[in-house]
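Q: There's a structure below that I have some questions on.
The values are calculated or read from the model by the stated rules, or taken from the named source; none is laboratory data. Everything numeric in this text was worked out from a predicted model, so none of it was measured. A quick note on method: Cβ atoms are made from the backbone with ideal geometry, for glycine too, and the neighbour counts reach across all protein chains shown. For the accessible areas, the whole protein counts, side chains as well, though only heavy atoms, and no ligand, DNA or RNA atoms are used. Shrake-Rupley method; radii C 1.70, N 1.55, O 1.52, S 1.80 Å.
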Amino acid sequence: MNAAKCVIALVAFLLTCVPAFAADAIKIGAILSVTGPASFLGEPEKNTLIMLQDQLNAAGGVNGQQVEVIVYDDESDVNKCVMAAKKLLDQDQVAVVIGPSISGNTLAISKFFSSAEVPLVSCAAAEKIVRPVDPWVFNTPQLDRHAVTRILQDAKAKGYSRLAILTVSDGYGQAGRGVLKELIPAQGFELAADEVYGPKDTDMTAQLTKIKGAGADAIICWGTNPGPAVVARNRVQLGLTVPLYMSHGVASNKFIELAGDAAEGLILPAGRLVAVEQVPADHPQKAVLEAYVEGYTKTYGTQISSFGGYAHDAFALVMEAIAKGGSAKSADIRDNLEKISGFAGTSGVYTYSPENHNGLDESAFIMVTIENGAWKALN
């Protein structure tokens, strides 16, 4: 076979490897941080969406239509996220978009969806994404406010009164900082120290030393990997015994891997996905959690993460809106998302409304600790 025929044969083979979608397939866009610093968020989110797309289509689709998920990697970069959003809206003409993975990226593009009247279901947790409510923007992670509430409940039960906060200076960290500074005094605590670190910082001993001098009863660190793992290691290196809380932004095995032995004994709010085997059999999320874990581990041969669960719930909620409403038009998806009530996902039980585009409350969290390198539910 000559070179030209080899090339033709190769192209033909590759085309057979690409899933074929019907002309009337429902196009769902996704903007995720599959690569870059936030890849620990975006990679499991992408894997989850592709898995769910294939499972749904194999079962006959939704309302007799196939679903095509178009994923763009923003590489954890806000400018590339903006370009991806415009491409999905202007060129691909998707009915709905899932993502982005990052709060800052979500906030940068949400206005485009209001203008285009296409729903955006974000996988990022910042409260500013859904408060105040934008009619076209939803999200699936538990909110910062829910996490802070659970942390403060635990701190109060343990008799702590002076709390220090250490937050990252990105969109997620500063959104959390705002809620912490609001709720700490409102719940009767004293803010003993307020320190900030940069997303690329590799040493937080200066901030921790200041916190040590402030006489805090406990520290609350708010960020996503790798920063919080650095904080955990620096705390051990400095010999600090002050209890350290983390946010739900590190609720994955990646954090335990990065922090190593320094992760032992740390406490944080997390969704039930990190401790599925410890969820009671009669809990409304149990079946959903088990099915997701089984499907993901079988498909990819690796462990699930809470972050992939955010994409799972976004996809499931969109499919529920399409199925119940009998329409895949953007406006109808938006309207029917607001009608969803008591819908069990991996991150909680969702009830959306015109006034609530997150759909969860603090009951979506359990408090967990890290014991012998594994997650252990505390309640």
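Q: Every residue in the stretch 114-130 that is of a type outside the set (A, V, I, L, M), surrounded by fewer than 24 Cβ atoms within 10 Å (Cβ to Cβ) and in contact with a strand residue (DSSP E or B) (Cβ under 9 Å, 6 or more places away or on another chain), please.
A: Correct list: Ser114 only.
Q: Of all residues in the stretch 355-366, how many are out of contact with any Ser or Thr (no Cβ under 9 Å at 6 or more places or on another chain) and surrounded by 18 or more Cβ atoms within 10 Å (Cβ to Cβ)?
A: Count: 2.
Q: Only strands (runs of 3 or more DSSP E) wholly contained in the stretch 170-268 count here; list those with 1 or more residues that are open to solvent by 30 Å² or more (accessible area, probe 1.4 Å) and closer than 30 Å to Arg131 by Cβ.
A: It comes to 190-197.
Q: Could you check the stretch 82-111 and list, in sequence order, the residues that are surrounded by fewer than 20 Cβ atoms within 10 Å (Cβ to Cβ) and on the phi > 0 side of the Ramachandran plot?
A: Gln93, the sole residue that qualifies.
Q: Name the single residue, out of those in the stretch 328-354 being without any contact (Cβ under 8 Å) to a residue 24 or more places away in the chain, among the polar types (S, T, N, Q) and over 24 Å from Val274 (Cβ atoms), that is most open to solvent (accessible area, probe 1.4 Å).
A: Top of the filtered list is Ser341.
Q: Just the residues that are open to solvent by 60 Å² or more (accessible area, probe 1.4 Å) and assigned to a helix (DSSP H, G or I), please, taken from the stretch 292-325.
A: If the condition is that a residue be open to solvent by 60 Å² or more (accessible area, probe 1.4 Å) and assigned to a helix (DSSP H, G or I), then Glu294, Lys298, Thr299, Tyr300, Lys324 are the ones that fit.
Q: Then there's this: Please work out if Gly29 is out of contact with any Lys or Arg (no Cβ under 8 Å at 6 or more places or on another chain), at pLDDT 95 or above, on the phi > 0 side of the Ramachandran plot and open to solvent by less than 60 Å² (accessible area, probe 1.4 Å).
A: The answer is no for Gly29.
Quick grid of which residues meet (1) closer than 19 Å to Tyr197 by Cα; (2) over 21 Å from the mean Cα position of the chain (by Cα):
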{"site": "Arg235", "(1), (2)": "yes, yes"}
{"site": "Leu240", "(1), (2)": "yes, yes"}
{"site": "Tyr245", "(1), (2)": "yes, no"}
{"site": "Leu266", "(1), (2)": "no, no"}
{"site": "Ala270", "(1), (2)": "no, no"}
{"site": "Pro280", "(1), (2)": "no, yes"}
{"site": "Pro284", "(1), (2)": "no, no"}
